[in-house]
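The values are calculated or read from the model by the stated rules, or taken from the named source; none is laboratory data. Keep in mind the model is a prediction, meaning the values are calculated, not measured. Using ideal geometry, Cβ is built from the backbone for each residue, glycine included, and neighbour counts are taken over all protein chains shown. These area figures cover heavy atoms from the full protein model, side chains too; ligands, DNA and RNA do not enter into them. Shrake-Rupley method; radii C 1.70, N 1.55, O 1.52, S 1.80 Å.
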Amino acid sequence: MSSSPIRNWDARLLGPVPHDSSYYAKCMLGGALACGVTHAGITPLDVAKCNMQVNPAKYKGLFPTLGVLVKEEGQTGIWKGFGPTFVGYSLQGMFKYGLYEIFKDTYMNLAGEELTEKYKPAIWLAGSASAEVFADIALCPLEMTKVKIQTSATGTFPTGFGAALAKMNATKVETRFPFGSLGPLWSRQIPYTMAKFFFFEKIVQLFYTHVFTEPKDSYSKPIQLGVTFGSGYLAGVVCAIVSHPADSLVSLLGKAENKGKTVGQITSEVGFGTLATKGLGTRVIMIGTLTGFQWWIYDSFKAAMGMGTTGGK
């Protein structure tokens, strides 16, 4: 009597739908939508934060900074850098979310079923860190352009997307374009993304273990997406605190007075305490809200595609 062959355990088959090339492509599109739309939408907060970081004597708080910018540059002053922000973070989101799904499945299959259950948090961390390495390579040239637009004195640097890119390329010896900020960007974004995905997955898991204790699929999509947003917001607060010193460095590297200075020199001059705290309150509000909506948009897209929401399995 012959027995049926035992199928090997495969992480790509654990979700509501198989994780094939179509699934990963949809995750990339969902990630692009989530990050591009949200980052572009909070451009005024980003402009304020960057200016508070590079010129704290003049820009002393979120609302005073926005007021000064509007007074000196008009309403367009708080939307500087919208173009490179939208394009850059769409590309970053595409690789961040899409590659996370790929790396997570790959590492789970390499580990096998038993080790995956035992070391799942480590797999979340490894998958998110691996994805962010590539996401930041795509983001870096546009992030450098965005920061230069947002922190340059009025009239000293083009504010149009195309003109700004051309200027950065023409002055790449002094601006270190296109990858001069990649090191600080990695130091900001990799810890940020590791915290973003780890704490999101962990908080979702806690929700479905201690609050919504029935099987996840038994709850309506609005409830699942509510869990997604709440988990994303809380994860975002942690992200902001973890990555803020490096975020300050990225902003300071774009300042004209710091041309040619190393990361170590800038840190020594400014002080780590200032790097870690200046503009942090604004960034906590910005990143908490941003991360919550990113996860909500991403999971809403996945749900609409019949792919289920993230985490809590």
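Observations on the model:
- Residue count for segment 19-54, restricted to those that are more than 18 Å from the chain's Cα centre (by Cα) and free of Cβ contacts under 8 Å to residues at least 12 places away in the same chain: 3
- Summed over segment 21-59, residues that are open to solvent by 60 Å² or more (accessible area, probe 1.4 Å), under 23 Å from Thr228 (Cα atoms) and not basic (Lys, Arg) total 3.
- So Ala138, is it modelled with pLDDT of 95 or more, over 30 Å from Met194 (Cα atoms) and in a helix (DSSP H, G or I): no
- Members of segment 279-303 found to be surrounded by fewer than 23 Cβ atoms within 10 Å (Cβ to Cβ) and either over 19 Å from Val204 (Cβ atoms) or in contact with a strand residue (DSSP E or B) (Cβ under 9 Å, 6 or more places away or on another chain) (or both), listed by number: Leu280, Gly281, Thr282, Val284, Ile285, Met286
- Single condition Met307 does not satisfy, out of (1) outside any helix (DSSP H, G or I); (2) under 20 Å from Pro44 (Cα atoms); (3) of a type in the set (A, V, I, L, M, F, W, C): (2)
- Subset of segment 214-249 that is farther than 20 Å from Pro16 by Cβ and hydroxyl-bearing (Ser, Thr, Tyr) - its residue that is most open to solvent (accessible area, probe 1.4 Å): Tyr233
- Selected residue [in contact with a Gly (Cβ under 8 Å, 6 or more places away or on another chain) and either of a type outside the set (Phe, Trp, Tyr) or farther than 18 Å from Phe199 by Cβ (or both)] from Met108, Met94: Met94
- Qualifying position, being among the β-branched types (Val, Ile, Thr), part of a helix (DSSP H, G or I) and closer than 26 Å to Lys120 by Cα, among Val227, Val250, Val173: Val227
- Residue within segment 263-270 that is crowded, with 17+ Cβ neighbours inside 10 Å, at pLDDT below 90 and in contact with a Ser or Thr (Cβ under 7 Å, 6 or more places away or on another chain) present: no
- Residue match in segment 107-120 (condition: open to solvent by less than 40 Å² (accessible area, probe 1.4 Å) and in contact with an Asp or Glu (Cβ under 6 Å, 6 or more places away or on another chain)): no
- All positions within segment 58-81 that are among the hydrophobic types (A, V, I, L, M, F, W, C) and farther than 14 Å from Thr151 by Cα: Leu62, Phe63, Val70
- The lone criterion from (1) surrounded by 22 or more Cβ atoms within 10 Å (Cβ to Cβ); (2) over 23 Å from Ala34 (Cα atoms) left unmet by Gly88 is number (2).
- Here Gly311 passes the criteria (1) buried (at least 17 other Cβ atoms within 10 Å of the Cβ); (2) farther than 30 Å from Lys221 by Cα except the one numbered (2).
- The number of residues in segment 62-82 being at positive phi and either surrounded by fewer than 22 Cβ atoms within 10 Å (Cβ to Cβ) or without any contact (Cβ under 8 Å) to a residue 24 or more places away in the chain (or both) comes to 1.
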